[in-house]
Structure formats: C-alpha cells, structure tokens
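Inspection log for the structure reproduced underneath, given as structure tokens.
The values are calculated or read from the model by the stated rules, or taken from the named source; none is laboratory data. Note that the structure is predicted; figures quoted are calculated from it, not measured. So basically every Cβ, Gly included, is an ideal-geometry build from the backbone, and we count neighbours across all protein chains shown.
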Amino acid sequence: MSDRIYKIFFTLGLTLILVWGCTEKINIELIEADRKLVIEGTITNEIKAHEVRLTKSSGYYDNERPEPVQGAKVTIQDFNNMYELVEVLPGIYQTFPDVRGDPGSTYTLIVEVENEKYIAVSKMPWTPLLDSIKFYEDDIDPNVIYIGLFAPENPIPGNNYYFNVYKDDILLSNDLTKRTYVNDDLINGRYLFGLKVHTIKAQLGNRITLEVGSISKEYFKYCLAIIRETAYADSPFEAAPGNINGNISNGAFGYFSAHSIVRKTKIYQRKE
C-alpha cells in the first residue's frame, strides 16, 4: 500500500474516532429573564366588543401557554369617551359590544395591575376604500387561488395595510404572522387593478372574504419585525430571536393598535 493511500485511511480513521467520541450531552444553562407583562389589544371602526389580552412573558424553551394576568383595571379612552373593559376570561378583557372606534381619533389604553401602570397610544387611520375582489386560479393547482384587489389607494402618502382572509366565515390568517402586508411606497394614489394580495386553497362554492386593515406605520413595522423573528431557523450561525419592542410604556411587551377595517365577500364559482 502506498504512503499516500495509507495517509488517507489514517486520516479517515482518526476523523471517525473523533466524531464517534463526541457524543457527550452538553447542557447549556440559559439565564432566565424576569417575566414581564405582555399586552395585546386593538380597537377598530367595527361595532363589537374590542379586546385586550394580558399575559406574562415566558422563557425561550417554555412549551406551556403564557400565564394570563388577572384582576387588572383596563380602560380605553379618546377625547370624548372612556370605556372600561370587563375580564370575560382569565387575562382577556373586553369592552361592551356596542363600542365603535372612529377613524381619525386617537385612543389611549391604560392598564393598571400589580401596583404598576402601563399606557399605549394609537391613532386610528382613515378607512380604506374597497370596490371589489376577483379570484385568479393557479396555473398548476386549481384549488389554489389568488385574491385580487380592486380599489383606489389614498393619495396622501404614508399608508400601511394588512390583509386577512376568511373562508366560509372562518378566519384563516388567525394571527399577525399569517396576514399579508403592504405599504404605499410603490402604489401611492394609484388605482389597484386586481393587485394580488393573498393566496388560499379553495373549492367551488366557498364563501371568500377579504379584509383590508389600515394600520399605523409603527404597527406595520412591529408586525414585520415579529414575522422576521418567528422565521428564526434555529441555526447555530443565526442569532436567537429576541423580544420586539411595541408601543407599551413601563417596559411591557406587546402592542395596542387602533385601526380601521373594510371587507368584501364573494363566492368562488368558476375561473374568471
């Protein structure tokens, strides 16, 4: 056997020994940060019970549901009104069902709990216009459809939007990471002629509803930051996800958003 071949086998053997021997489990102790209050709340231009959720932050490897925060005093107010929320379930607080927010108004959320006060302020943008929606079938999978939007975009720059989809009155994009988002950087003041804003799987006869929400620039950036963090790949070369700062005072996490909403519904019948 030549020296060259011998060296190759010797190197492979040494590598296998090193890999085989490196099986000891390494436990990394993480420093647990103090649990902080997490506030998630909205008020919209709909007549309904508007909701605020209070929980405690959890550790990175915790698999349990966040601990609800009970017994808080929660209010939402604008220049003319103050709404005191009622705790309907542990950590879930709601207004009465006849409350409606007004676009253009500024709303202040105040949460008092555990001898601390937390405040957030959000101005409700004007309601977007929505003329109609149209379905476009995928070229490969006929059960996949793209939802096209027909609407004039507000000519005043600085608008930000999210898009939710309901199928047979069931919300499919049931958290902010499943929504789609767009700002008006490239579409300001234009008529949106069939702009494809969402994709879903559907069958003939499904009742499809597109919801367009007009949100603040700050909430738009917050949602995108959440999406970037939740897309973490758990790679050793990638930084672990961190906490996203919202608009809540006193060191709490989360966001309180006042936004306006409009919807259009259509039955998926055939290829258009």
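Going by the conditions given, is TYR191 touching a His at 6+ places or on another chain (Cβ under 8 Å), surrounded by fewer than 17 Cβ atoms within 10 Å (Cβ to Cβ) and farther than 24 Å from GLU218 by Cα?
Criteria not met by TYR191.
Go through (1) out of contact with any Lys or Arg (no Cβ under 6 Å at 6 or more places or on another chain); (2) surrounded by 14 or more Cβ atoms within 10 Å (Cβ to Cβ); (3) farther than 28 Å from THR106 by Cα and name the single condition ILE215 misses.
ILE215 satisfies every listed condition except (3).
Filter region 254-272 for residues that are out of contact with any Ser or Thr (no Cβ under 7 Å at 6 or more places or on another chain) and at pLDDT 95 or above and give the result. Break it down into steps so the answer makes sense when it comes.
Within region 254-272, the first condition is being out of contact with any Ser or Thr (no Cβ under 7 Å at 6 or more places or on another chain), and the residues that meet it are 254-255, 266-272.
Within region 254-272, GLY254, TYR255, LYS266, ILE267 meet the criteria.
Scanning region 57-80 for residues that are modelled with pLDDT of 95 or more and more than 18 Å from HIS259 (Cβ to Cβ), which turns out surrounded by the most Cβ atoms within 10 Å (Cβ to Cβ)?
Within region 57-80, the match that is surrounded by the most Cβ atoms within 10 Å (Cβ to Cβ) is VAL74.
Hey, TRP126 hits all of (1) under 21 Å from the mean Cα position of the chain (by Cα); (2) over 30 Å from PRO155 (Cα atoms); (3) surrounded by fewer than 16 Cβ atoms within 10 Å (Cβ to Cβ) but one; which does it fall short on?
All conditions are met except number (2).
Hey, among ILE140, ILE110, ILE133, ILE119, which residue is modelled with pLDDT under 95, hydrophobic (A, V, I, L, M, F, W, C) and out of contact with any Asp or Glu (no Cβ under 9 Å at 6 or more places or on another chain)?
After ruling out the rest, the residue left standing is ILE140.
Taking region 76-106 on its own, how many of its residues are hydroxyl-bearing (Ser, Thr, Tyr), in a strand (DSSP E or B) and under 23 Å from the mean Cα position of the chain (by Cα)?
So the answer is 2.
Restricting the search to region 143-153, which residues are of a type outside the set (A, V, I, L, M, F, W, C) and either touching a His at 6+ places or on another chain (Cβ under 8 Å) or touching a residue at least 40 places away in the same chain (Cβ under 8 Å) (or both)?
The answer is ASN143, TYR146, GLY148, PRO152.
Identify the residue in region 133-162 that is under 30 Å from GLU218 (Cβ atoms) and among the hydroxyl-bearing types (Ser, Thr, Tyr) and, among all such residues, is nearest to the chain's Cα centre (by Cα).
Applying the filter and picking the extreme gives TYR162.
Test TYR166 against the stated conditions and say whether it is modelled with pLDDT of 95 or more, of a type outside the set (Asp, Glu) and under 14 Å from the mean Cα position of the chain (by Cα).
no
Any residue in region 71-93 that's on the phi > 0 side of the Ramachandran plot: show its pairings with residues that are surrounded by 16 or more Cβ atoms within 10 Å (Cβ to Cβ) and assigned to a strand (DSSP E or B) at Cβ separation under 9 Å, as long as the two are six or more apart or on different chains.
If the second residue must be surrounded by 16 or more Cβ atoms within 10 Å (Cβ to Cβ) and assigned to a strand (DSSP E or B), the pairs left are GLY71/GLU87; GLY71/VAL113; GLY91/ARG53; GLY91/LEU54; GLY91/THR55.
Going by the conditions given, is ASP175 modelled with pLDDT under 95 and among the acidic types (Asp, Glu)?
On the way: modelled with pLDDT under 95: yes; among the acidic types (Asp, Glu): yes.
Taking the combined requirement at face value, the residue satisfies it.
Please state which one of GLY242, GLY251, GLY205, GLY246 is out of contact with any Asp or Glu (no Cβ under 6 Å at 6 or more places or on another chain), modelled with pLDDT under 90 and either outside any strand (DSSP E or B) or of a type in the set (A, V, I, L, M) (or both).
Going through GLY242, GLY251, GLY205, GLY246 in turn, just one is out of contact with any Asp or Glu (no Cβ under 6 Å at 6 or more places or on another chain), modelled with pLDDT under 90 and either outside any strand (DSSP E or B) or of a type in the set (A, V, I, L, M) (or both): GLY242.
Please verify whether region 169-183 includes one or more residues that are over 22 Å from GLY101 (Cα atoms), assigned to a loop (DSSP other than H, G, I, E, B) and more than 20 Å from the chain's Cα centre (by Cα).
No, region 169-183 contains no residue that is over 22 Å from GLY101 (Cα atoms), assigned to a loop (DSSP other than H, G, I, E, B) and more than 20 Å from the chain's Cα centre (by Cα).
Could you please let me know if GLU46 is under 22 Å from TYR222 (Cβ atoms), more than 19 Å from the chain's Cα centre (by Cα), among the charged types (D, E, K, R) and modelled with pLDDT of 95 or more?
Considered against the rule, which asks whether it is under 22 Å from TYR222 (Cβ atoms), more than 19 Å from the chain's Cα centre (by Cα), among the charged types (D, E, K, R) and modelled with pLDDT of 95 or more, GLU46 comes out as yes.
Conditions first: (1) within 23 Å of TYR268 (Cβ to Cβ); (2) of a type in the set (Val, Ile, Thr); (3) in contact with a Ser or Thr (Cβ under 7 Å, 6 or more places away or on another chain); (4) surrounded by fewer than 16 Cβ atoms within 10 Å (Cβ to Cβ). THR177 passes all but one, so which condition is the exception?
Going through the list (1) within 23 Å of TYR268 (Cβ to Cβ); (2) of a type in the set (Val, Ile, Thr); (3) in contact with a Ser or Thr (Cβ under 7 Å, 6 or more places away or on another chain); (4) surrounded by fewer than 16 Cβ atoms within 10 Å (Cβ to Cβ), THR177 breaks only (1).
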